[in-house]
Amino acid sequence: MSCNSCSTKTVGLAEYASPNALTWCPGCGNFGIQVALKQALVAQGVTPHQAMLCFDVGCNGNGSDKIDGYRFHGLHGRILPVAAGIACANKKLTVVAEAGDGATFGEGVNHFVHAVRGNFDITFLCHNNENYGLTKGQASATTREDVAMNSNPDGVTSTPIHPQRLALSLGATFSARIFSGDIAGMNRVFQAAIAHKGFAFVEILQNCPTYNKHTPHEWYQQRVYNINETDHDTSNRAAAVAAAEDINEKVATGILYQDPNSVPFMMRDAVRKDLGAELIDEVKTYDITPYTSRMR
Amino acid sequence: MHIQNRFVVKVSGASGQGINSVGETISKAIKETGLYSFGYREYPSLIKGGFASFQVDFSSAPLASSSDKCDMLLVLSVSAFSVYYSSVAKDGTIIHSVIGLQQSEEQQKYFSENNIKVVFVPAQQLVKEAGGHPLMVNTFLLGVLWQLLGLSFDHLIEVLKRTFAKKPEVIELNIKMLEAGKIFQNENLQPVTLGFEFHPEIVDEMIISGNQAIALGAVAAGVRAYYAYPMTPSSSILSYLAAISHETGMFVKQIEDEISVASLTVGSSFAGTRAMCGTSGGGFDLMTETVSLAAMTETPFVCVLAQRPGPATGLPTWTNAADLLLAAFAGHGEYPRVVLAASDPQSGYVLTQVAHNLADVYQIPVILLTEKQIAESHFQIKDLPPAIEIKRGLVAEDQLESLQKMDRYRSTENGVSLRWLPGQCAPTFDANSDEHLGDGSLTEDSVPAKEIFEKRMRKLEDLKKVLPDPVLHGEETADIVFVGWGSPKLAVTDAIDLYVQQGGSLKLSYLHYEYMYPVKPEKLQQLAEKAKKVVFVENNGTGQFAKLIRMESGYTPDDLLLKNDGRPFFVTEIVAYIQQSEGKEA
């Protein structure tokens, strides 16, 4: 049922263009992220018919109709299990899910935990701007301690979630961090994530010019460096955890960890792993007499 | 009340004493001897201890309900004795293996008033002497029971052999225990004269639970992904589908919570396969946000909602049907959905397939209700009905080229738009949970928002036209028309049959609903005009279906027969209601 003719077609950036006008605030990190995503999809030879872009609710989700490709714009915090369901049903699709830090580490944190465990074959772009932008700047689970936000005028008192520490501790098979001002870096990391077999977690340090005054674009620009230009061993989980720790002074970006032997969810499933067909191609009437005969 | 042409055996003990397996063995062996049976399970929400029972009503005529009292009670534990002693009918017998059992004054009074014999069988000692394992006390007592019933041991042994096919080493020993039980003698134990006519032609009938039938309905319907989080009484759909998944190839997964379960179901369905999920009320509560999402994105969604008593954790392992209004009104916002209700394995099997066709063709959520009483009871049936033709409502491959960008959510007369799948070479679209235009592009403008809302809601009008009317059992003109949905059908139709057989003077009929929402009140209103009395029979506390009917049509029934104590309607209760009405008539 899937599109086969597209696989030989060449794809260009124009095919991902949408006639709908973007609605993000001037200077928002989302502009660059969208550009880099398009570049990475094109570079990986993924046509809009093969691209399955899944959006959570938030500022980034508002862009779901401002890029081409098949798209699903779900509920707040819930996009990962929807994307997982799609990826399981049709492995030929390139499934990319995007969500903010509010959704991912607040309402959807359990989905994140289990999506990492499951190693579903999804690229997950987590837009971490350390606040809830679309609801006007409330604190998220990654907002730094003591920072005053809408609804937290005296500053956040809970310990923030460190996304890399969390993902790596859960056994993520791919964990990367990149800055929304680094389009070339995003392109490179997104491509590796799309090519990765399994759940590829990409945390994007995203500036929010309207609500995040604490870590603006320039703040990140002065602190990030490309860890893949050092002697960092991306197959060493402990080294990745150590390298990811600092989010205040020297902030490592790039691919922090990748398991070269990653086996995605469907290929771990005892029933499905050796069956070549996709679930979407198997819908037909099945004979039940082998089962009813045992009930007689 | 004892029912003619029925004998009722109940096996009871603690959870973990193999009560369920003895019950299953009895059901199967009864069928093998050429009789009809209905098996009803009660068990607590714990793994070891407490009290559990398996009641088998059997007869020479087909039956699908339980009596409230049993004729013979086997007891393996003290707690089961104190819970179930009063479930024994007048002139009944209790056979127990509880060493040193003390009877309270109240118990003794009940036994003497009702002429009930209580017989101790030193089963532990006899099993030990015969070289058996302590757990084989239940097999020993089964031997005692079978001898008293005068039924063929050959059939029983055949069933045991099949049950233990994978553990051949225990077969011989179990047969030995049966035989030891067979020769047990006690002056108070007299053979029972059943007087039943045997039907050797029914030995090939099936013994099936409602959940197995729903699972097989999913298999037949081409469901290729089943997701669930364990919750009684839906769990056995998950475990059964998982057990046969190497044969079916179905992707069967236990997922971390019901929100994810519903979301994966929406995702897989959106991608283009047939997916299904199952849960009970509490889990469904968590899913409702996603049900709303499925409706908004016009993604087919099928969920089995296996009911048990709430609120909250409620009575986790008991039965009722109080989630109809939850299903009918689940989720935020207004949107079309279909609610179906199974009442037995046949309807569970058929409605599961119907649910998928409706979900696919109308691109809506469909909720299939069942109840613990249906889900886990053991029904003896001839066969499941033939499979239903699959209808997907997808754009044909050769039509993809003619698709226009705005087609996916284009406004149409019946509200159903063209649907095609991600991956296909066709115009792409956005399945958008925000209100949207034809291609899924977000809109906040009033005119298109109104238009697409009305488009979606028109599906409901079309559904009202195509969904079947309720089915009438009995005559169009009746003194009492019973109206019900779900498991009460079993007790009511059995009761009407019994009443007719006994030459009762009232004319009775039963109107059964499977298509619960959108509501179809017309047939009911026609019958009500001719009936002396219309009674809604519901296994809930407030008459939810009667409320729904009244809301949609203004119709109010004459009476409500409700039950909300975790137990199903017993056939005897319905018979008593009819007799009471008869008395009023006279």
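Please state which one of B:Ile237, B:Ile207 is more than 12 Å from chain A (Cβ to nearest Cβ) and within 21 Å of B:Tyr40 (Cα to Cα).
After applying the criteria, what remains is B:Ile237.
Filter region A:22-61 down to residues that are within 18 Å of B:Cys425 (Cβ to Cβ) and of a type in the set (Ser, Thr, Tyr), then give me how many there are.
Final tally of qualifying residues: 1.
Only one of these conditions is not met by B:Lys10: (1) at pLDDT 95 or above; (2) within 21 Å of the chain's Cα centre (by Cα); (3) farther than 22 Å from B:Leu315 by Cα. Which number is it?
It fails just one condition, (3).
Here is a yes/no grid of residues against (1) farther than 18 Å from B:Met551 by Cβ; (2) buried (at least 24 other Cβ atoms within 10 Å of the Cβ); (3) of a type outside the set (S, T, N, Q); (4) within 21 Å of the chain's Cα centre (by Cα):
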| residue | (1), (2), (3), (4) |
| --- | --- |
| B:Ala491 | yes, yes, yes, yes |
| B:Gly504 | yes, no, yes, no |
| B:Pro518 | no, no, yes, no |
| B:Pro521 | no, no, yes, no |
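Quick one: would you say B:Asp257 is within 8 Å of another protein chain (Cβ to nearest Cβ) and farther than 25 Å from B:Lys391 by Cβ?
Values: within 8 Å of another protein chain (Cβ to nearest Cβ): yes; farther than 25 Å from B:Lys391 by Cβ: yes.
Here the answer is yes, as B:Asp257 does meet what is asked.
Looking only at residues that are crowded, with 24+ Cβ neighbours inside 10 Å and assigned to a loop (DSSP other than H, G, I, E, B) in region A:91-118, which one is nearest to the other protein chains (Cβ to nearest Cβ)?
The extreme case among them is A:Leu93.
Please tell me if B:Lys90 is surrounded by 22 or more Cβ atoms within 10 Å (Cβ to Cβ), among the basic types (Lys, Arg) and either touching a residue at least 12 places away in the same chain (Cβ under 8 Å) or not assigned by TED's automatic domain parsing to the domain that holds B:Met177 (or both).
Working: surrounded by 22 or more Cβ atoms within 10 Å (Cβ to Cβ): no; among the basic types (Lys, Arg): yes; either touching a residue at least 12 places away in the same chain (Cβ under 8 Å) or not assigned by TED's automatic domain parsing to the domain that holds B:Met177 (or both): yes.
No, not satisfied.
Only one residue in B:Gln380, B:Gln424, B:Gln399 is of a type in the set (S, T, N, Q), within 30 Å of B:Tyr40 (Cα to Cα) and at pLDDT 95 or above, so which one is that?
After applying the criteria, what remains is B:Gln380.
Going through region B:526-549 one residue at a time, which ones are of a type outside the set (S, T, N, Q), surrounded by 15 or more Cβ atoms within 10 Å (Cβ to Cβ) and in a helix (DSSP H, G or I)?
B:Leu527, B:Ala528, B:Phe545, B:Ala546, B:Lys547, B:Leu548, B:Ile549
Is it the case that some residue within region B:446-456 is modelled with pLDDT of 95 or more, part of a loop (DSSP other than H, G, I, E, B) and β-branched (Val, Ile, Thr)?
No, region B:446-456 contains no residue that is modelled with pLDDT of 95 or more, part of a loop (DSSP other than H, G, I, E, B) and β-branched (Val, Ile, Thr).
Is it the case, given these coordinates, that B:Leu437 is within 42 Å of the chain's Cα centre (by Cα), under 28 Å from B:Ala328 (Cα atoms) and within 10 Å of chain A (Cβ to nearest Cβ)? Show your work before the answer.
Details: within 42 Å of the chain's Cα centre (by Cα): yes; under 28 Å from B:Ala328 (Cα atoms): yes; within 10 Å of chain A (Cβ to nearest Cβ): yes.
Yes.
In region B:411-420, which residues are in contact (Cβ under 8 Å) with a residue 40 or more places away in the chain and more than 14 Å from chain A (Cβ to nearest Cβ)?
B:Ser411, B:Thr412, B:Glu413, B:Asn414, B:Gly415, B:Val416, B:Ser417
Being buried (at least 24 other Cβ atoms within 10 Å of the Cβ) and within 9 Å of another protein chain (Cβ to nearest Cβ) is the filter here, so list the residues in region B:221-234 that pass it.
B:Ala221, B:Val223, B:Arg224, B:Ala225, B:Tyr227
Taking the residues in region A:237-273 that are within 10 Å of another protein chain (Cβ to nearest Cβ), free of Cβ contacts under 8 Å to residues at least 24 places away in the same chain and of a type outside the set (A, V, I, L, M) as candidates, determine which candidate is surrounded by the most Cβ atoms within 10 Å (Cβ to Cβ).
A:Arg272
Between residues in region B:185-202 that are farther than 24 Å from B:Lys28 by Cα and residues that are assigned to a loop (DSSP other than H, G, I, E, B), which pairs lie under 8 Å by C-beta distance while being six or more apart or on different chains?
B:Asn186/B:Val121
Show the residue pairs meeting these rules: Cβ distance below 9 Å; 6+ apart or different chains; first residue within region A:216-229 and under 10 Å from A:Lys250 (Cβ atoms); second residue surrounded by fewer than 18 Cβ atoms within 10 Å (Cβ to Cβ) and among the acidic types (Asp, Glu).
If the second residue must be surrounded by fewer than 18 Cβ atoms within 10 Å (Cβ to Cβ) and among the acidic types (Asp, Glu), the pairs left are A:Arg223/A:Asp246; A:Arg223/A:Glu249.
Which strands (runs of 3 or more DSSP E) sit wholly inside region B:469-524 and have at least 2 residues that are among the aromatic types (Phe, Trp, Tyr)? Walk me through how you get there before you give the answer.
Numbers: elements: B:471-474, B:480-485, B:508-513, B:515-517.
Strands (runs of 3 or more DSSP E) meeting the threshold: B:480-485, B:508-513, B:515-517.
Here are the criteria: (1) small (Gly, Ala, Ser); (2) crowded, with 24+ Cβ neighbours inside 10 Å; (3) more than 30 Å from B:Thr443 (Cβ to Cβ). Tell me which single one B:Ala359 does not satisfy.
(3)
Does B:Phe251 qualify as being more than 7 Å from every other protein chain (Cβ to nearest Cβ), crowded, with 23+ Cβ neighbours inside 10 Å, touching a residue at least 24 places away in the same chain (Cβ under 8 Å) and closer than 22 Å to B:Asn211 by Cα?
no
Tell me which of these B:Gly282 doesn't satisfy, since it passes every other one: (1) at the interface with chain A (Cβ under 8 Å from one of its Cβ atoms); (2) in a helix (DSSP H, G or I).
That leaves (1) as the condition not met.
For region A:67-86, what are the residues that are more than 7 Å from chain B (Cβ to nearest Cβ) and either under 19 Å from A:Gln39 (Cα atoms) or in contact (Cβ under 8 Å) with a residue 60 or more places away in the chain (or both)?
A:Ile67, the sole residue that qualifies.
Could we say that B:Gly423 is touching a residue at least 40 places away in the same chain (Cβ under 8 Å), in contact with a strand residue (DSSP E or B) (Cβ under 9 Å, 6 or more places away or on another chain) and either within 14 Å of chain A (Cβ to nearest Cβ) or loosely packed, with under 14 Cβ neighbours inside 10 Å (or both) here?
Yes, satisfied.
Scanning region B:107-158 for residues that are over 18 Å from B:Ile95 (Cβ atoms) and among the basic types (Lys, Arg), which turns out surrounded by the fewest Cβ atoms within 10 Å (Cβ to Cβ)?
Here the answer is B:Lys109.
Given the criterion closer than 14 Å to B:Gln363 by Cβ, surrounded by fewer than 24 Cβ atoms within 10 Å (Cβ to Cβ) and away from every other protein chain (no Cβ under 14 Å), identify the matching residue among B:Pro336, B:Pro311, B:Pro316.
B:Pro336
So how many residues does region A:48-66 have that are assigned to a loop (DSSP other than H, G, I, E, B) and either of a type in the set (Phe, Trp, Tyr) or more than 9 Å from chain B (Cβ to nearest Cβ) (or both)?
4
The values are calculated or read from the model by the stated rules, or taken from the named source; none is laboratory data. Just so you know, these numbers come straight off a predicted model, no measurement behind them. Glycine gets a Cβ as well: all are built from the backbone with ideal geometry, and neighbour counts include every protein chain shown.
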